[in-house]
């Protein structure tokens, strides 16, 4: 079992839909959870950052972490064509220098 | 600089040649990371630097890969005797310090094609 599992999609939704993206993980030591967005031929950019369990909201984006289930989610409300990108979950433990472990990414396409 | 800068942005090289990829991190960031992203694969961790030291080289795929960082700033990733399987995007990132809680910022990547 890989440390981080993420369904690669592709996921296609109409404009205005609610999108749910998910990752599961196996390492209970993970404490930091992030979502990155990557447009075609660009570097990943940080979208959401959560420490430990709980929810975090930023505009149309909500990140959820359920450490008991080792499951994290990113919800996008009122999706826009500009949200079309690959979304990568990433996580790491608490020790200094611990590398971020990434999922393979989910490709999202929002049609107008 | 304003962001992480990588060069070259694109590189096509012949199998067996050596390549050097350069990364200039965000000013003031002491930690620097190299990742590799292959088609259909996630980001694969290669190596990180705290200052000029590389505490974790565990991700380097073979002894053909090496990296250095001088002056606590610019880093170079060198791939010797390139193979076709080395074709990928090489992403550099930096953060204030090498701690998990620090946000990591990525560059645009160096797209390497080995023919």
Residue tally, condition more than 24 Å from residue B:40 (Cα to Cα), in a strand (DSSP E or B) and more than 12 Å from chain B (Cβ to nearest Cβ), over the range A:1-33: 1
Where residue B:79 falls short, out of the listed (1) away from chain A (no Cβ under 11 Å); (2) surrounded by fewer than 19 Cβ atoms within 10 Å (Cβ to Cβ); (3) touching a residue at least 40 places away in the same chain (Cβ under 8 Å); (4) within 15 Å of the chain's Cα centre (by Cα): (2)
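Output the residue which, of all residues in the range B:88-115 that are part of a loop (DSSP other than H, G, I, E, B) and more than 10 Å from chain A (Cβ to nearest Cβ), is nearest to residue B:34 (Cα to Cα).
Filtering the range B:88-115 for residues part of a loop (DSSP other than H, G, I, E, B) gives B:96-104, B:107-109, B:115.
Going one step further and asking which of them are more than 10 Å from chain A (Cβ to nearest Cβ), we end up with B:96, B:115.
Values: B:96: 15, B:115: 23 Å.
Here the answer is B:96.
Can residue A:43 be described as within 29 Å of residue B:110 (Cα to Cα), within 11 Å of chain B (Cβ to nearest Cβ) and crowded, with 20+ Cβ neighbours inside 10 Å?
Details: within 29 Å of residue B:110 (Cα to Cα): yes; within 11 Å of chain B (Cβ to nearest Cβ): yes; crowded, with 20+ Cβ neighbours inside 10 Å: yes.
Against the criterion (within 29 Å of residue B:110 (Cα to Cα), within 11 Å of chain B (Cβ to nearest Cβ) and crowded, with 20+ Cβ neighbours inside 10 Å), residue A:43 qualifies.
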Residue within the range B:59-73 that is within 26 Å of residue A:45 (Cβ to Cβ), within 11 Å of another protein chain (Cβ to nearest Cβ) and modelled with pLDDT under 95 present: yes
Qualifying residue in the range A:97-110 (condition: surrounded by 21 or more Cβ atoms within 10 Å (Cβ to Cβ), within 9 Å of another protein chain (Cβ to nearest Cβ) and not in a loop (DSSP other than H, G, I, E, B)): yes
Counted residues, the range B:32-65 - those being within 12 Å of the chain's Cα centre (by Cα) and in a strand (DSSP E or B): 14
Hits in the range A:18-35 (condition: at pLDDT 95 or above and surrounded by 15 or more Cβ atoms within 10 Å (Cβ to Cβ)): A:19, A:21, A:22, A:23, A:24, A:25, A:35
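Among the residues of the range A:64-87, write down those that are assigned to a strand (DSSP E or B) and either closer than 24 Å to residue B:55 by Cβ or away from chain B (no Cβ under 14 Å) (or both).
Step one: list which residues in the range A:64-87 are assigned to a strand (DSSP E or B), which gives A:64-66, A:71-76, A:85-87.
The answer is A:64, A:65, A:66, A:71, A:72, A:73, A:74, A:75, A:76.
Can you name the residue in the range B:1-22 that is within 13 Å of another protein chain (Cβ to nearest Cβ) and more than 27 Å from residue A:4 (Cα to Cα) and is also surrounded by the most Cβ atoms within 10 Å (Cβ to Cβ) among such residues?
The initial filter retains those residues of the range B:1-22 that are within 13 Å of another protein chain (Cβ to nearest Cβ), namely B:3-6, B:9-10.
After this cut, where a residue has to be more than 27 Å from residue A:4 (Cα to Cα) as well, the list is B:3, B:5-6, B:9-10.
Numbers: B:3: 15, B:5: 16, B:6: 25, B:9: 12, B:10: 12.
Among residues in the range B:1-22 that are within 13 Å of another protein chain (Cβ to nearest Cβ) and more than 27 Å from residue A:4 (Cα to Cα), the one surrounded by the most Cβ atoms within 10 Å (Cβ to Cβ) is B:6.
The values are calculated or read from the model by the stated rules, or taken from the named source; none is laboratory data. As the structure is a computational prediction, the values presented were derived from the model and not from experiment. All Cβ positions, even for glycine, are placed from backbone atoms using ideal geometry, and neighbour counts span all protein chains on display.
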